[in-house]
Structure formats: C-alpha cells, structure tokens
Amino acid sequence: MDPLAEFRAAVADPASYVRSATAQSGKKAVGTLCSYAPEELIYAAGAHPVRLFGTSGAERLADRHLQSYCCSLVRGVLEDALAGRSDFLAGVVFPHTCDSIQRLSDLWRLNVPGAFHIDAVLPARLDTASARDYLLDVLRRFRSDLERKLRVSISDESLRRAIDLYNRIREMLARLYELRNENPCGIRGRDVHTIVKASTILDRDRLVVVLPPALQALEDVHECTAGNKAKRVLLAGGLCDHPELYSFIEEAGGVVVWDDFCTGTRGFSGTIDGDGDPLAAIAQRYAERPVCPAKHRGIRERAEHLVRLAKEKEARGVVFLLVKFCDPHAFDYPYLKEALDGAGIPSMLFEMEDQLPAEGQLRTRFEAFLEMI
Amino acid sequence: MAEKDPEKEKRKIKAVAKMKEIMTAYYIDAKTAEQTGKKVAWITSGGPVEPLIAMDIIPVYPENHGAMIGASKMGVDLCTKAEAMGYSSDLCSYARSDISCATVNGGPIGGLPRPDMLVCCTNICGTVLKWYEVQARYFGCPLFILDTPFCHTGFHDEMRRYVRRQLDEYIAFLESAAGRRFDYDRLKEVGRLSIEGQRLWQAVLDTAAHRPAPLSAFDAFFHLALIVTLRGQQQTIDYYRMLLAEMNERIAAGIGAVPDERYRLLWDNLPVWFRTKWLSEKFAAAGACLVADTYTSAWCGSLKYADENNFLESMAECYTRIYLNIGVDEMARMVVDMVDKYAADGLVMHSNRSCKPYSLGQYDIQRLVQERRGIPTLMIEADMVDERSFAEGPTETRIEAFMEMLKTRKAA
C-alpha cells in the first residue's frame, strides 16, 4: 500500500477530493489564496480550508477579465471559478497579497456567484507595532465575518484546538523537510511536493492521521549512497506547482534539500504560542514567519534569510523558480542573487509560465547549472 | 522665420510657459539642495506630501521623473539597463527606468537629486514598496512606508486607526530625518493650501464639461505636474487660478482644445508618455477630444473626504480611499459618473502593461460602462514608458475603426 496514496489523490484532483471529503465530514469548504490566509480561523469555524492554485483548463474564460500580463496563478484560479470547477467551495478568502491577487478578489466578487467572499486585508508591512495591532484587528474582523457567513460561533476554545492542530501539522512538515535534508536522494522531491501541497487540501483532521505513517515510511527509506555524489540544491521563489521540475533536477545530478517557497517552508514555518490570547498568538505567527516579498519587514531580511538557509542546509547552489509576471519576486531577485554571489553560492533563474518549455531544453539548463556548481 | 498658423496659435494654452518656469525652478531647487542645505525626500505620487512641505523638505517624485523619461523617449534605453541588472522586463517601466537611472545619472535631467529619505505610500500599488526597498538599499537612506489598506468594499475603522497612527510615525520619521521638530500649525496651513489647490485643479478639469472642451486630457497630463509635485504651496494655487481663468476665457471665446469637436471621449489609465502627441493628433484629426480621464482626476478625487479644519485627521481617509486603492466596481461607478458629467460619447482605455492595479480589472470596467451607458469603448495595448510594448500600426487601425463606429452611431 502506497503510504502517500491519499496525498497523491488529493493533489491529482483537489476538487473531487474536497467534494467527497466534505460530503463525509459535513464541513463547508473555504478556499484561500496565498499562505497568509489565516487558516486556523477557518478550521476553528468548523470549515475545511483549501488553498487554491488553479488548473489550466482548455477554455479561456479568464481571458475576458485578465490581460496577458497577469500571472498564471491568478489566471488559473479565476479560470477554475468561472468554469464552475470551484463550485465545491462554500466561500473564498482573499488575504491582501499582491496587486494581482488584490484585483482577483474584485473579479471573483463581481463574476463568480455562489460562494461567499471575504477580504482579509492584511497589512503590507509587518515590522511595526501599529502594523501588528492592525493585523490583529483584521483577524478580529475576519473571525466575525466567518461567524456570520458560516453561521457559527468561533470560541477561544476552538481557536486553541486549531492552534494545537496547526502546530502539530507544521511540526510534522518541518520533520519531513529534515528527513529529506538528511537523506535527500532517498526521498524524492516530488513526493515532498505532493505531501506539502496535499497539506493545504486534505481535511486537516484527516491530515494529522495520515501524516505520521507517511513520515514513518519515509524515515524507513534506506539511506541512498548516491547521495554522496548528488549536488545539494535549494529552491527559492514564490510557489512551484510543477513537480516534474524536481525530477529534472534529480536526474541532472542534483538533489533538492530545502526550499524558500510559500508552498514550502514559508508556508509552514513558525509555531504558534499556545498560551495567552489565541487570536493574538495566531497574529504573531503570521507577523513573524519567513516573510513573502509582497510584505515588508526590513530591506535585507529576505536575502539574509536565504543566504542563512543555503549555508545551513549546505546547498551547493540555489535555483530560483519564479512565476512569470509575479512582480514582488521579480523585484527581489537581483538583490537576492547578489547576496548569494557575495556568499559564494551560485544560483540560476528559471521563469515559469503556465506551460513549461520543452523537456529537453529544461533538462539541458538544469544539467548545465549542476555541472557548474 | 516660418509663419505661425493662427488657428493653431489660438488653441495653445498660454499658461504653459509659466508652468515650465515653475517646474524648472523647482528642479533647480531640488538639484541644488545639497548646496542650500535643504533635505530631499523621494516620495510616491500618491503619498502625503503635505508633512514634507510643512518641514521644508523638498519632495521629489520618481514617477514624475519616469513620465519625463517616457516623454523624452529615453525609456527603452533605461529599461534595458535595468534588465541587464537583473530586473525582469515585465516589471513596471517607471521602476525599471528609475532604478537604472539612479546608477548612471542618465535621463532627460541627468538623474534626480540624491534622496536624504524615501517616503513610500502603498495606496497606488505594491510595486512602489519593492521599488523603494531597492532604492533604500542603493542609497542607504531611511525609508518610511505608509501602508494604506486596500478598500475593496469599504473603509473600516481599524483601517482608519492604522493609517492615522502611521501618520504620527511619519511625522516622527521626518523629525528624525530632518533633525528638527514638526510644526503642526504649519501643517494646518499647508493642508488648507493643499485642499485649495485640489479644488482649483478639479475646477480646471471641470471646465472640460463645456462644449467645446477648452482643454483635453492631453493638456491635463501636462498641467497635472503641480498638483502632484507642489501640492500644499501657494504658487500651485496661483498657477491653477491663472489656468482656470484662461479656461474660462476660452469658453467665453468658444475656443476648444480640438478644432471642430464632434466626439467627446474619456481616457482611462496613465498616459502613453512617448506617444501623447501622436495620440492627441490622431484623435483630434477625427474631431475627437479626450475631455477627461481617470488619471489626472485622481489628485482631487479625495476631496470628498478632506476636512480643511482638521487636515491631519482627515488625511488617513483621503490617502487611503484614492482611485487605485478601491474595488473595480467602485472604479466603474466613478467612470460612469465621469461619462455623465463630461457627456462622453466613448471610452478609451490604455491597457498598461506596467501597471497591474490600474489595468487588471479594466475589462470588467469596460463591460460595466458599456452595460450602463451603452457607449463604444476602445482598448489600447501599450505601456507608459516602454515603447517596446507598443505597436503603432495596429493601434492606428483600432483607433480608426473605433472612430468609424462613433461616427456611425452619431449619424444614427
């Protein structure tokens, strides 16, 4: 029996998975954009949070609303919603992220009937007391918005349970990353990708049940001796929804040991303090987790974080996987690269569009980079 | 010397000379700040300039500089330089040209004066946040970020509290950067002048409701510079008074911006700075006047929230609820109001590759305006500075087809 079977099924077809999961659990599914959506509150409201990534459909309904210079994530999410592929959602939550997700929120609200719609307008900066107080205010409003839309009451007790659950999930995902870091060629990059992505789709009560045996299975994987030769690579960027890239890197002689993705470590880093006011504790974790470039927390923090990670994980090189038309990441790339250069860590940039270029071309680029490092 | 065309001379706005004089003096002032001991702050176009004026700090606008770079057709060169520095060609062309210009002191005025501080207000986009981070690293000077939460469907109390608190932080930042106390009485006065200036700018734009319109959006793109740059100063008020008087004279004399105005159009988004003359002539040749636009009116769009007797308190709402920081549906309502106010026959939208908050959502605004007012619309694919994103031939064909449609509708 494949210990990752359920993870794979959820990732292969999130809509079908969530439809059947919610039919069984009786929970309402609430879609989220971006890793800053305060999922703990959705869970505490008795709902099932699902992160939306968008699929690339054949029809181009989103083209009636979005220009060609909009990123594939925003386009894909809108496409799914307009095509009715997101009709399993009872609601959708937009945390303020970037200029494009900000407009996606408007376009969804104006064009997608059915699901309720909440904007949780988080601050764009996280480095001041006023911003943190405002963040907490936004969570308070989000709590009452959810209560109204879902016709429930979110008690402090249910928030504490959510905190406990999310802490456990995040610890397990961190453990998964450590396992891979220790045995990077024994654990395939795409399996890690599958687990982490599924962790944003699976019913979280189910996730805490299926994660431990999956981790156990990976722990039992024999240490791979080829690991001595394979070159350790760290991935950086926004999100990567092309798991085949991991295989290309592995087949080109590299192993992915860590990442700085919002669908990776940025998304699950940070433990929430279980004591004290639960909402304030949740707010604190969002303010302090590794920062996304769409948010401000100093002018050098991201570079320092990336260089520290690369050194700590003994990465020979960094591969930037950037989504085309993602402005916040594109703005940070030159200074991040410069910081890596300064630390003697080589890097390469790969810009991802909706469709990846021909496989041969991709393999050649990764091979060239891995030969160089 | 060639004989001047009296018909053309009649249409020229005389205030232009004064405007050039003011802007030249301003740039000289800014560029010699180091010698005169004045501090220079770089600030975003939507940022609160009044506290700077109250502190005698010279505000400098990289976006205004970007417009100058675009208008002088130096955008491609500077954008290409930024791309060589690693910045994607998909990024905002104002940001790209400013970032590279800072390193080479190029552009039409030999670069901007070095900033002593940077003031970034997020009300226009998330791009400025990243752009100002880049410049803060490059110049090594302090950066203040005024975070104005996006108002999708409203302006909440917690938003007001947050922005209001940041205004205090802003003032403390200025005191520290300038090394002297903030003069709150002076701010009251600057605030009054700012609101007065915005009212006059609105009054100037309002004259275009007259038939024929005495000024066009292309004129407004030019005369805008003062309300952006020198808001809160007496000379801005004096200038717009003069311009308003000239517009009223033109109305009395029946002088329109466009000879034989037959069609009245609205413009949406930033100008295509490197083709303003070309576009203006194209539309004028077809008897169309761009009577108003969503861009230049943004600098007086917050008047409804302003309180001149309590300027500091009203700033939070004024600076948060600006045109680009609101939902697509509210933007569409404002465009519809403008269609009515200026009796527009059509809407021309610039789909601006550089500006996602302005452009994403335009298709919906286009549809909403069509549904509510049934007027023809035209979408032009371009960029404000980067000429590589503009194709003249296809644009010309689309303008011609659009004008043909307007003509048929008018005839019917």
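The values are calculated or read from the model by the stated rules, or taken from the named source; none is laboratory data. Computed from a predicted structure; not experimentally measured. Glycine gets a Cβ as well: all are built from the backbone with ideal geometry, and neighbour counts include every protein chain shown.
Per the conditions (1) within 27 Å of B:Met338 (Cα to Cα); (2) outside any helix (DSSP H, G or I), the sole criterion not satisfied by B:Val204 is (2). Checked against the criteria, A:Val208 counts as within 19 Å of the chain's Cα centre (by Cα) and either over 24 Å from A:Val18 (Cβ atoms) or of a type in the set (Val, Ile, Thr) (or both). Could you tell me whether region A:254-273 includes any residue that is within 14 Å of another protein chain (Cβ to nearest Cβ), part of a strand (DSSP E or B) and in contact (Cβ under 8 Å) with a residue 40 or more places away in the chain? The answer is no, given that none of the residues of region A:254-273 is within 14 Å of another protein chain (Cβ to nearest Cβ), part of a strand (DSSP E or B) and in contact (Cβ under 8 Å) with a residue 40 or more places away in the chain. When B:Ala292 is tested against (1) assigned to a helix (DSSP H, G or I); (2) in contact with a Leu (Cβ under 8 Å, 6 or more places away or on another chain), exactly one condition is not met: (1).
There is at least one residue in region A:287-302 that is buried (at least 18 other Cβ atoms within 10 Å of the Cβ) and part of a helix (DSSP H, G or I).
Answer with yes or no whether A:Ala90 is more than 8 Å from chain B (Cβ to nearest Cβ), among the aliphatic types (A, V, I, L, M) and closer than 30 Å to A:Gly26 by Cβ. It is true that A:Ala90 is more than 8 Å from chain B (Cβ to nearest Cβ), among the aliphatic types (A, V, I, L, M) and closer than 30 Å to A:Gly26 by Cβ. Would region B:142-152 turn up any residue that is facing chain A (nearest Cβ under 10 Å), buried (at least 17 other Cβ atoms within 10 Å of the Cβ) and more than 23 Å from B:Val228 (Cα to Cα)? Within region B:142-152, one or more residues are facing chain A (nearest Cβ under 10 Å), buried (at least 17 other Cβ atoms within 10 Å of the Cβ) and more than 23 Å from B:Val228 (Cα to Cα). When A:Val30, A:Val18 are checked against the criterion of being modelled with pLDDT of 95 or more, outside any helix (DSSP H, G or I) and of a type in the set (Val, Ile, Thr), A:Val30 stands alone in meeting it.
In the set (1) touching a residue at least 40 places away in the same chain (Cβ under 8 Å); (2) on the phi < 0 side of the Ramachandran plot; (3) within 19 Å of the chain's Cα centre (by Cα), B:Val76 fails one condition alone, (3). Going through (1) in contact (Cβ under 8 Å) with a residue 60 or more places away in the chain; (2) surrounded by fewer than 20 Cβ atoms within 10 Å (Cβ to Cβ); (3) aliphatic (A, V, I, L, M); (4) at negative phi one by one, B:Met384 falls short only on (2). In region A:241-252, the condition of being within 14 Å of chain B (Cβ to nearest Cβ), out of contact with any Gly (no Cβ under 7 Å at 6 or more places or on another chain), crowded, with 19+ Cβ neighbours inside 10 Å and not β-branched (Val, Ile, Thr) is met by no residue. In region A:135-162, the residues that are without any contact (Cβ under 8 Å) to a residue 40 or more places away in the chain form Cβ pairs under 9 Å with partners that are of a type in the set (Gly, Ala, Ser) and part of a loop (DSSP other than H, G, I, E, B), at six or more places apart or across chains, as follows: A:Ser153/A:Ala45. Among all residues of region A:193-205, there is at least one that is in contact with a Leu (Cβ under 8 Å, 6 or more places away or on another chain), closer than 30 Å to A:Ala90 by Cβ and of a type in the set (D, E, K, R).
Does B:Tyr323 satisfy the criteria of being aromatic (Phe, Trp, Tyr) and in contact (Cβ under 8 Å) with a residue 24 or more places away in the chain? Please lay out each step first, then the result.
Values: aromatic (Phe, Trp, Tyr): yes; in contact (Cβ under 8 Å) with a residue 24 or more places away in the chain: yes.
It is true that B:Tyr323 is aromatic (Phe, Trp, Tyr) and in contact (Cβ under 8 Å) with a residue 24 or more places away in the chain.
Residues of region A:305-342 that are more than 11 Å from every other protein chain (Cβ to nearest Cβ), out of contact with any Gly (no Cβ under 9 Å at 6 or more places or on another chain) and surrounded by 23 or more Cβ atoms within 10 Å (Cβ to Cβ): A:Leu306, A:Ala315, A:Val318.
If you go through region B:92-113 and pick out every residue that is crowded, with 22+ Cβ neighbours inside 10 Å, on the phi > 0 side of the Ramachandran plot and among the polar types (S, T, N, Q), you end up with 0. The single condition among (1) aromatic (Phe, Trp, Tyr); (2) free of Cβ contacts under 8 Å to residues at least 40 places away in the same chain; (3) in contact with a helix residue (DSSP H, G or I) (Cβ under 8 Å, 6 or more places away or on another chain) that A:Phe366 does not meet is (2). For region A:51-69, the tally of residues that are within 12 Å of chain B (Cβ to nearest Cβ), buried (at least 22 other Cβ atoms within 10 Å of the Cβ) and either in a loop (DSSP other than H, G, I, E, B) or touching a residue at least 40 places away in the same chain (Cβ under 8 Å) (or both) stands at 2. Once region B:119-141 is narrowed to residues that are more than 8 Å from chain A (Cβ to nearest Cβ) and of a type in the set (A, V, I, L, M), the residue that is farthest from B:Ile57 (Cα to Cα) is B:Ile124.
Among what's in region B:153-173 and is under 19 Å from A:Arg141 (Cα atoms) and either aliphatic (A, V, I, L, M) or touching a His at 6+ places or on another chain (Cβ under 8 Å) (or both), pick the residue that is farthest from the other protein chains (Cβ to nearest Cβ). Result: B:Val163. Summed over region A:81-104, the residues that are assigned to a helix (DSSP H, G or I) and without any contact (Cβ under 8 Å) to a residue 60 or more places away in the chain give a count of 4.
Considering every residue within region B:74-89, establish whether at least one is in contact with a strand residue (DSSP E or B) (Cβ under 9 Å, 6 or more places away or on another chain) and modelled with pLDDT of 95 or more. Yes - at least one qualifying residue is present in region B:74-89. Of all residue pairs spaced 6 or more apart or on separate chains, those with beta-carbon atoms under 6 Å, a first member in region A:290-318 that is modelled with pLDDT of 95 or more and a second member that is among the small types (Gly, Ala, Ser) and surrounded by fewer than 19 Cβ atoms within 10 Å (Cβ to Cβ) are A:Pro290/A:Ser269; A:Val307/A:Ala343. Out of contact with any Leu (no Cβ under 9 Å at 6 or more places or on another chain) and more than 10 Å from chain B (Cβ to nearest Cβ): does that describe A:Gly114? So A:Gly114 fails the test. At least 1 residues being of a type in the set (Lys, Arg) is the threshold, and among the helices (runs of 4 or more DSSP H) wholly inside region B:301-392 those reaching it are B:328-341, B:356-359, B:362-373. Applying the criterion of being small (Gly, Ala, Ser) and within 17 Å of B:Met159 (Cα to Cα) to the residues of region B:313-343, the residue that is farthest from the other protein chains (Cβ to nearest Cβ) is B:Ser314. The test for being surrounded by fewer than 17 Cβ atoms within 10 Å (Cβ to Cβ) and either at negative phi or at pLDDT 95 or above (or both) holds for B:Arg180.
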